[in-house]
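Asker: Sharing a structure here in structure tokens format.
The values are calculated or read from the model by the stated rules, or taken from the named source; none is laboratory data. All of these numbers come straight from a predicted model, not from anything done at the bench. Neighbour counts run over all protein chains shown; Cβ positions are idealised from the backbone, glycine included.
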């Protein structure tokens with residue numbers, strides 16, 4: 001995939017991992033990222049900016065190196081000032097795979113927003129790179145993004161905080177650790193405020209892979225839930241007191257497992273090959 | 001309501017309470033049942049058959065008597081053999097309100113199924129009575145009914161057991177303690193097996209009131225969730241191993257609060273009056 005030169009309307013691949021991916025046994029998802037980034041010819045950059053320290057990137061450095069990638073590097077980008085350094089952007093711009101670790105999505109968004117590094121990441125993506133992220137590293141890819149919130153399957157006013165994300169996609173709202181932390185409520189609440197977007201809830205050790213901005217496929221052990229508010233109307237979103245239940249009608253719900261594919265334009269599951 | 005004579009196509013009222021209704025303070029839902037049953041002219045029968053003992057009916061006897069109902073009676077129907085006694089059926093057939101307590105829905109279904117008492121309950125309903133039930137007493141009203149299951153917001157193969165219910169409605173699958181016990185998954189799993197039915201998940205201290213078989217309205221503190229599988233297809237319901245996630249597309253989800261109304265034929269929320 002990553003070797004193919006694409007036009008700007010046919011960018012690379014987004015790999016949204018719901019957190020807690022297997023890093024020690026079969027490493028199925030990380031192997032998929034490595035292959036998508038070019039396999040042995042891959043130039044992989046690990047960005048631990050969402051976390052507190054460079055060490056959170058070390059395990060990924062190890063895994064991708066063990067797979068045999070030509071070049072794997074951790075960029076210790078923890079300050080916004082460093083995100084305009086040419087040493088940093090040079091590595092990002094030539095990467096065929098960029099992997100963002102977990103941590104706090106607001107942290108990585110703050111460091112990258114409006115910087116040369118973010119332009120370099122988007123440039124790599126436009127030229128066909130695979131941009132992967134796990135947990136916070138997945139949530140941060142959209143704009144707006146889900147910054148934080150509380151658990152529960154019931155949509156409640158004010159249960160989710162949105163923030164400015166990286167904007168690699170502007171049509172999806174991404175949530176992670178989805179069923180493990182019972183986050184349907186906050187994803188429903190988020191899409192009711194952004195009815196032009198699709199909500200994507202990714203389980204742990206599972207990935208939603210998005211190609212060409214329009215096809216989503218699922219790999220891994222869990223599920224990917226898609227919450228489509230395009231036919232919905234809400235009776236009380238604007239007026240409900242904080243933490244009270246939101247009333248709504250016609251949210252369309254899809255839950256996909258490994259191997260299922262979804263057309264993001266038609267908003268429907270694609271038939272199995 | 002209950003005083004109006006209706007044809008068989010216009011039966012009485014079903015009041016499905018999600019359990020844990022207020023019995024000591026404002027008693028909003030029980031007051032509603034009392035009024036719907038005819039108020040001071042009501043002839044109310046409390047059926048504690050889902051529970052272990054007559055005592056579970058005592059609080060309802062007290063509450064309805066305090067409200068001023070003309071006649072309130074607990075029928076201690078705990079054995080299937082007793083359900084054909086004419087003493088029992090005589091009380092049921094002339095009731096304007098029949099209230100079924102919580103407990104185990106399989107127990108009350110076993111006691112009543114195929115008996116003169118169930119025919120008497122259906123007869124009272126056809127003549128306009130209000131049939132109320134809380135928790136197990138709500139779940140048992142449909143046929144099939146949700147007999148038991150496990151919690152979780154993710155639909156999984158085999159997570160719900162269905163059984164033969166009373167059949168006061170054959171188009172709805174009713175679940176209770178809905179968000180409190182995180183039961184969306186089992187309701188999704190149930191309707192994926194019965195795609196002609198609508199799933200109704202009722203929260204605690206909340207009721208779904210169904211009139212004329214076609215209008216649902218919500219009263220109480222929580223929400224009523226409606227899960228409509230009529231447009232859905234499932235990729236793997238028939239083949240998924242036990243407890244594995246079910247994949248599906250286009251389940252339509254509605255969540256209603258106090259005062260919202262829903263057209264069960266058109267399957268859409270009705271505009272506010």
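Asker: Just a yes or no: is a residue in the stretch B:34-48 under 22 Å from residue B:181 (Cβ atoms) and surrounded by fewer than 21 Cβ atoms within 10 Å (Cβ to Cβ)?
Answerer: For the stretch B:34-48, residues under 22 Å from residue B:181 (Cβ atoms) and surrounded by fewer than 21 Cβ atoms within 10 Å (Cβ to Cβ): absent.
Asker: So, in the stretch B:54-81, exactly how many residues are without any contact (Cβ under 8 Å) to a residue 12 or more places away in the chain and over 26 Å from residue B:128 (Cβ atoms)?
Answerer: Looking only at that region, the number is 2.
Asker: A further question follows. What is the one condition in (1) without any contact (Cβ under 8 Å) to a residue 60 or more places away in the chain; (2) within 11 Å of chain A (Cβ to nearest Cβ); (3) not in a strand (DSSP E or B) that residue B:196 does not satisfy?
Answerer: Every listed condition holds for residue B:196 apart from (2).
Asker: Collect the residues in the stretch A:161-185 that are under 25 Å from residue A:111 (Cα atoms), surrounded by 23 or more Cβ atoms within 10 Å (Cβ to Cβ) and without any contact (Cβ under 8 Å) to a residue 40 or more places away in the chain, keeping them in residue-number order.
Answerer: A:173, A:175, listed by residue number.
Asker: Kindly indicate which of A:148, A:193, A:135, A:142 is modelled with pLDDT under 95 and in contact with a strand residue (DSSP E or B) (Cβ under 8 Å, 6 or more places away or on another chain).
Answerer: A:193
Asker: Give, as residue ranges, the strands (runs of 3 or more DSSP E) completely inside the stretch B:89-153 that count at least 2 residues that are without any contact (Cβ under 8 Å) to a residue 60 or more places away in the chain.
Answerer: B:97-100, B:145-149
Asker: Could you please let me know if residue A:156 is without any contact (Cβ under 8 Å) to a residue 40 or more places away in the chain, buried (at least 19 other Cβ atoms within 10 Å of the Cβ) and within 12 Å of another protein chain (Cβ to nearest Cβ)?
Answerer: So residue A:156 does not fit the description; no.
Asker: Quickly run through the stretch B:151-169 and pick out the residues that are under 23 Å from residue B:263 (Cβ atoms) and in contact with a strand residue (DSSP E or B) (Cβ under 7 Å, 6 or more places away or on another chain).
Answerer: Answer for the stretch B:151-169, where residues must be under 23 Å from residue B:263 (Cβ atoms) and in contact with a strand residue (DSSP E or B) (Cβ under 7 Å, 6 or more places away or on another chain): B:168, B:169.
Asker: Pick from A:30, A:14, A:61, A:77: which is closer than 22 Å to residue A:136 by Cα and assigned to a strand (DSSP E or B)?
Answerer: Only one candidate qualifies: A:14.
Asker: Determine whether residue B:185 is touching a helix residue (DSSP H, G or I) at 6+ places or on another chain (Cβ under 7 Å), under 21 Å from residue A:225 (Cβ atoms) and either more than 10 Å from chain A (Cβ to nearest Cβ) or at pLDDT 95 or above (or both).
Answerer: no
Asker: Identify, please: which residue in the stretch A:201-226 is part of a strand (DSSP E or B) and farther than 15 Å from residue B:247 by Cβ and is, among those, farthest from the other protein chains (Cβ to nearest Cβ)?
Answerer: Among those residues, the one meeting the criterion is A:211.
Asker: Continuing with the same structure: When you scan the stretch B:108-127, how many residues do you find that are farther than 16 Å from residue B:170 by Cα and crowded, with 20+ Cβ neighbours inside 10 Å?
Answerer: Summing the residues that are farther than 16 Å from residue B:170 by Cα and crowded, with 20+ Cβ neighbours inside 10 Å in the stretch B:108-127 gives 6.
Asker: For the stretch B:33-53, how many residues are without any contact (Cβ under 8 Å) to a residue 40 or more places away in the chain and part of a helix (DSSP H, G or I)?
Answerer: Looking only at that region, the number is 3.
Asker: Continuing with the same structure: Kindly check whether there is at least one residue in the stretch A:162-179 that is more than 24 Å from residue A:219 (Cα to Cα) and assigned to a strand (DSSP E or B).
Answerer: yes
Asker: Inside the stretch A:237-269, can you point out the residues that are more than 7 Å from chain B (Cβ to nearest Cβ) and farther than 19 Å from residue A:201 by Cβ?
Answerer: A:237, A:238, A:239, A:240, A:241, A:242, A:243, A:244, A:265, A:266 - these are the residues of the stretch A:237-269 that are more than 7 Å from chain B (Cβ to nearest Cβ) and farther than 19 Å from residue A:201 by Cβ.
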